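The values are calculated or read from the model by the stated rules, or taken from the named source; none is laboratory data. It should be emphasised that the depicted structure is a prediction, and the values quoted were computed from it without experimental measurement. Cβ sites come from the backbone with ideal geometry, for glycine too, and all protein chains shown count toward neighbours. Heavy atoms of the whole protein, side chains included, go into the accessibility calculation; ligands, DNA and RNA do not. Shrake-Rupley method; radii C 1.70, N 1.55, O 1.52, S 1.80 Å.
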Amino acid sequence: MKSRPSFEKIYLDLARNLAARSTCSRLKVGTVITTTDFRKVLAVGYNGNATGLPNQCDRTEPGNCGCLHSEENAVINCDSPRYVEKIVFVTHLPCAQCAKRLINLGNVKAVYYGEDYRIRDSLDLFRSVGIRIEALEISDKNLKETKRISR
């Protein structure tokens with residue numbers, strides 16, 4: 001019997017595909033918000049300028065290019081009520097401000113991310129409110145995957 005990819009792999013891959021739409025010149029990031037049973041995608045986002053503005057960064061300063069973050073766009077796009085439990089998949093570890101946005105979204109149970117971010121302040125923020133945060137190491141070879149809990 002052929003191996004089936006896990007939902008974690010599928011949604012992290014979707015986040016990576018969404019990141020390809022990013023117009024940020026420094027880092028391309030994608031986010032997917034799902035229900036905890038993985039049956040519904042509640043929202044998606046990728047980083048870039050606001051709708052109607054030029055598809056480019058406003059500035060070149062790292063961390064302050066003017067782009068909306070992917071998590072921010074996903075939160076803006078999520079019209080699911082606060083009582084609905086959610087799982088978040090992000091290509092990169094969220095920054096502290098995006099961690100706060102995801103916390104305010106309500107009922108986020110876990111955040112899975114693929115790559116580290118240069119600043120790791122969000123780890124303590126997620127843990128302080130009981131949101132599980134895990135880095136996923138997913139290889140395409142034989143669809144094997146491992147989860148490593150972020151420290």
Checklist entry - Of (1) at pLDDT below 95; (2) under 25 Å from LEU136 (Cα atoms), ILE87 satisfies all except one. Which? => result (1)
Item to check | CYS78 hydrophobic (A, V, I, L, M, F, W, C) and within 20 Å of SER122 (Cα to Cα) | outcome: no
Checklist entry - Given the conditions (1) hydroxyl-bearing (Ser, Thr, Tyr); (2) open to solvent by less than 30 Å² (accessible area, probe 1.4 Å); (3) in contact (Cβ under 8 Å) with a residue 60 or more places away in the chain, and given that THR36 satisfies all but one, which numbered condition is not satisfied? => result (2)
Checklist entry - Regarding TYR11, is this residue open to solvent by 40 Å² or more (accessible area, probe 1.4 Å) and under 19 Å from ASP116 (Cα atoms)? => result no
Item to check | Criterion: part of a helix (DSSP H, G or I) and either more than 19 Å from ASP13 (Cβ to Cβ) or modelled with pLDDT of 95 or more (or both) - qualifying residue of LYS28, LYS100 | outcome: LYS100
Next on the checklist: Being under 20 Å from ILE119 (Cα atoms) and either under 10 Å from the mean Cα position of the chain (by Cα) or assigned to a strand (DSSP E or B) (or both) is the filter here; which residues of the stretch 74-97 pass it?
Outcome noted: VAL88, PHE89, VAL90, THR91, HIS92, LEU93, PRO94
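Taking the condition surrounded by fewer than 17 Cβ atoms within 10 Å (Cβ to Cβ), of a type outside the set (D, E, K, R) and either within 12 Å of the chain's Cα centre (by Cα) or over 22 Å from ARG39 (Cβ atoms) (or both), does ILE119 pass? Steps first, answer last, please.
Working: surrounded by fewer than 17 Cβ atoms within 10 Å (Cβ to Cβ): yes; of a type outside the set (D, E, K, R): yes; either within 12 Å of the chain's Cα centre (by Cα) or over 22 Å from ARG39 (Cβ atoms) (or both): yes.
Answer is yes for this residue.
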